[in-house]
Each structure stands twice: as structure tokens, then as C-alpha cells.
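Quick notes on the structure that follows.
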Amino acid sequence: MTRVMQTWFATPLYYARLKSSGLSPFVREIERQCQLVRKTDPDGEAWSRENYLGGFTSYGSMSDLHLRNPYFAELQEAIDPHVRKFARALDMDLQGGELRMVTCWVNIMPERTTHSGHIHPLSVISGTFYVKVPRGSSAIKFEDPRLTQMMAAPPKLEGARPRNQQHVKLEPKAGDVALWESWLRHEVPPNPSREERISISFNYDWI
């Protein structure tokens, strides 16, 4: 008897360097721009005090940085080809439309700041560009979207292959971009590093 083992209903994650040349000076400038956003965004500081304990995010105040700042616009231009490549790999039929960046915001996580589990339910592809990732800082953690259905499932073996784990961590480096479908639940555990972890998150909608 022929036995076939197939993997269905996969959950792809796209991960790459943002660009092949000029990356280091661009990352340094983007970090400077992120700090400038924090210094000039009192509404973001106020929102963060209520919703992002210990850290700063412009999510609740300036979430359209790609439309406000030329450096963030340049970032969008560099991310667009990665999104198109990811969409092709997912066999998405855009029916004459396009995937367009609609939101883009800064996240600055000092020591012990956390980003609790969440999804981006109104978008198609979400992702993060990593600006500063100190040694020992938090990885991003993804959750199996079927987890709530596994009511009687036994635990996984220690050292199980990533495709069989219920939670998978990605440890990015500065200059990396990660993409995933927006329904995928993810979080960033408390940052154990004494240095700030800086990233730029974004959403693409089908337009």
C-alpha cells in the first residue's frame, strides 16, 4: 500500500532582508526618524501611557507615517516588492486590485515592555520592519490559528518540528522584514534587554 503524507492548510511566514544594498545607512537613518517621531508626538506619548505600558507607539496617533515622512515612504517602496512576492506565493487572486500599505507606525520597547497577543482583522498582509534588535531582546511569537480547536490534543514533543509546534518564535535582526497574513495571532513577550527594541509595523489592504 502506498502511503502519502501531505501538509495542508499551511501558515506561511515571509522573512527577508529589506534590500541588498545601502541597508546599514538606511537603518541608521530610520532609527533616527523613529526617535524623532517619539519626540514630536505628544498624542502618541499619551496614548502609549494608557495602552503600551513603559513603551512608545505611534499606532494611536500617527499610523500613516509612510504618507507623512519621506524616509517611511522609502521604506514602503522597499517593502512593496516583498509583499507582491509573498502574495504570489500565497496564490492570491487580487482580481485586478492591489495590496497597498494603509497603516505604518513606530514601536519602541524599553526593558520589560510587552506587546500582547493580537491580530489585524481588517487587513490582508501585516508585517514588521526591524530597526534595532539588541542582543537578548524579545523574539516575535506566532500562535497556531487552530489552537482553540485542539481541546483534546496531547502536548507536542520537546523539540518538535516548527510546522508541528503550537507557538513558533522568530528572532529577527535589524534590517529584516517579516510578513504574515493579518489573521495570524502574534505577540512580543516582555523585552528582557536593557536596550530599546525598535520596529516599524504596517498593514496592507486589498484595494
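Among residues of segment 1-18 being surrounded by 14 or more Cβ atoms within 10 Å (Cβ to Cβ) and part of a loop (DSSP other than H, G, I, E, B), the one that is farthest from the chain's Cα centre (by Cα) is THR11.
Of the helices (runs of 4 or more DSSP H) lying entirely inside segment 37-105, those containing at least 1 residues that are in contact with a Gly (Cβ under 9 Å, 6 or more places away or on another chain) and either exposed (fewer than 14 other Cβ atoms within 10 Å of the Cβ) or in contact (Cβ under 8 Å) with a residue 40 or more places away in the chain (or both) are 42-51, 70-89.
Residue by residue, here is whether (1) within 25 Å of SER123 (Cα to Cα); (2) out of contact with any strand residue (DSSP E or B) (no Cβ under 6 Å at 6 or more places or on another chain) holds:
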| residue | (1), (2) |
| --- | --- |
| CYS34 | yes, no |
| TRP47 | yes, yes |
| GLU50 | yes, yes |
| GLY54 | no, yes |
| SER58 | yes, no |
| MET62 | yes, yes |
| GLU74 | yes, yes |
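Somewhere in segment 19-31, is a residue touching a strand residue (DSSP E or B) at 6+ places or on another chain (Cβ under 8 Å) and either part of a loop (DSSP other than H, G, I, E, B) or modelled with pLDDT under 95 (or both)? Looking through segment 19-31, none of the residues is touching a strand residue (DSSP E or B) at 6+ places or on another chain (Cβ under 8 Å) and either part of a loop (DSSP other than H, G, I, E, B) or modelled with pLDDT under 95 (or both).
Provide a single number: the residues in segment 133-161 that are of a type in the set (D, E, K, R) and surrounded by 10 or more Cβ atoms within 10 Å (Cβ to Cβ). Before you say what the answer is, go through the steps one by one.
Of the residues in segment 133-161, the ones of a type in the set (D, E, K, R) are 135, 141, 143-144, 146, 156, 158, 161.
Now restrict to residues that are surrounded by 10 or more Cβ atoms within 10 Å (Cβ to Cβ): 141, 143-144, 146, 156.
Of the residues in that region, 5 qualify.
Condition first: among the basic types (Lys, Arg) and either assigned to a strand (DSSP E or B) or touching a helix residue (DSSP H, G or I) at 6+ places or on another chain (Cβ under 7 Å) (or both). Now tell me which residues in segment 155-207 satisfy that. If you could, list the steps in order and put the result at the bottom.
Filtering segment 155-207 down to residues among the basic types (Lys, Arg) leaves 156, 161, 163, 169, 173, 185, 194, 197.
The answer is LYS156, LYS169, ARG197.
Here are PRO12, PRO42: which of them is touching an Asp or Glu at 6+ places or on another chain (Cβ under 8 Å) and farther than 21 Å from ASN191 by Cα? I'd like the intermediate steps shown before the answer.
Values: PRO42 fails: touching an Asp or Glu at 6+ places or on another chain (Cβ under 8 Å).
After ruling out the rest, the residue left standing is PRO12.
Can you tell me which residue in segment 7-36 is farthest from SER199 (Cα to Cα), limited to those that are touching a Gly at 6+ places or on another chain (Cβ under 7 Å) and of a type in the set (A, V, I, L, M, F, W, C)?
Looking only at segment 7-36, we keep the residues that are touching a Gly at 6+ places or on another chain (Cβ under 7 Å), and these are 17-18, 23, 27.
Keeping just the survivors that are of a type in the set (A, V, I, L, M, F, W, C) gives 18, 23, 27.
On the way: LEU18: 13, LEU23: 15, VAL27: 11 Å.
Ranking the candidates gives LEU23 first.
The values are calculated or read from the model by the stated rules, or taken from the named source; none is laboratory data. No experiment lies behind these values; they were computed from the predicted model shown. Please note: Cβ atoms are built from the backbone with ideal geometry, for glycine as well, and neighbour counts cover all protein chains shown.
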